[in-house]
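Let me begin by presenting the structure, written as structure tokens, before commenting on it.
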Amino acid sequence: MFLFAGLGNPGEQYRRNRHNVGFMAADAIHYRHRFSPWRKRFQAQTAEGEIAGEKVLLHKPQTYMNDSGLSVAAAQKFYKIALGDTAVFYDEIDLPPAKLRAKLGGGNAGHNGLRSITQHCGNDYMRVRIGVGHPGDRNLVSRWVLSDFAKAEHPWVETMCEAISDAAEYLVSRKLEDFQNRVHLALEKSGVLKSI
């Protein structure tokens with residue numbers, strides 16, 4: 001079984017924030033692969049389904065970003081899901097908007113959600129970094145990630161999340177480079193990158 005955790009903050013006021021793009025990716029996977037209805041477990045919204053014949057637990061921690069690891073660890077322990085079978089979707093300020101990188105393990109780069117997961121679970125999980133851009137001044141980072149995507153950004157955000165959901169089979173086969181390439185190809189074909 002795989003655990004796909006999309007990171008974000010719970011509550012309507014955060015729903016369209018850059019920091020919640022992990023939730024958006026999880027929602028797209030939920031819709032595309034017709035997962036079970038969301039339900040509350042492990043201090044999270046969870047849903048079950050299959051991708052490419054593999055069972056997957058979709059997971060949106062409701063602990064707020066900084067304590068995401070508590071929720072992810074509880075689900076991993078209950079289902080005995082290996083750390084390497086866990087994928088985490090999250091916002092990355094050090095990547096330009098509409099760029100994506102996927103890898104196993106790595107640093108936390110100041111991301112409090114990742115720091116919490118590493119603290120409670122370990123470090124060697126799959127990371128799907130979704131670029132949201134940088135405000136240009138590190139003192140503005142918190143305000144930047146907790147602000148909504150601009151209306152002009154919605155097309156690439158929606159296309160990115162759809163592309164992630166379409167390419168999710170490459171995550172369960174652990175072909176991270178293929179996953180990354182499929183997402184970028186979908187974005188290029190869509191034409192949304194021309195407006196960025």
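Bear in mind these aren't lab numbers, they're just calculated from the coordinates by the rules spelled out. Values in this document were obtained by computation on a predicted structure and should not be read as measured data. Here Cβ is always computed from backbone atoms with ideal geometry, including for glycine, and neighbour counts include all displayed protein chains.
Extending 7 Å from the Cα toward the beta-carbon at both Arg41 and Glu54 defines two label points whose distance is 1.9 nm. With both labels modelled 7 Å from their Cα along Cα-to-Cβ, the Lys175 to Gln119 distance reads 3.8 nm. Identify the residues of segment 101-132 with backbone N under 15 Å of a label point that sits 7 angstrom from the Cα of Asn66 along the Cα-to-Cβ direction, or state none. Under 15 Å, as judged by backbone N against the label point of Asn66, lie 110-117 of segment 101-132. Put a plus charge on the Cβ of each Lys and Arg, a minus charge on the Cβ of each Asp and Glu, and nothing anywhere else: the dipole of segment 2-195 about its Cα centre is then about 240 debye. Model label points for Asn139 and Glu12, set 7 angstrom from Cα along the Cα-to-Cβ axis, are 3.5 nm apart. Magnitude of the charge dipole for segment 1-60, about its Cα centre and with charges confined to Cβ atoms of Lys, Arg (+1) and Asp, Glu (-1), is about 180 debye. The per residue volume of the convex hull around the alpha-carbon atoms of the chain is 104 Å³. Segment 119-177 to segment 72-93: how many Å between their Cα centroids? What the calculation gives is 16 Å, centre to centre.
The convex hull of the Cα atoms of segment 1-42, projected and averaged over all directions, covers 3.5 nm².
By the helix-only formula, in which each DSSP H run with n ≥ 4 contributes -39500 (n - 2.57) and the sum is divided by residues, the chain has a 222 nm mean residue ellipticity of -10500 deg cm²/dmol.
Cross-link check: pairs Lys103/Lys194; Lys40/Lys189; Lys77/Lys189; Lys80/Lys151 evaluated at a Cα-Cα cut-off of 30 Å; pairs beyond the cut-off: Lys40/Lys189; Lys77/Lys189; Lys80/Lys151. With the highest mean first, a sort of the peptides 177-190, 146-159, 19-32 on other beta-carbon atoms found within 10 angstrom per residue produces 19-32, 177-190, 146-159. When the charge dipole of the chain is built from unit charges on Cβ atoms (+1 for Lys and Arg, -1 for Asp and Glu) and taken about the Cα centre, the candidate among His154, Ser173, Gly8 whose Cα reaches farthest toward its positive end is Gly8.
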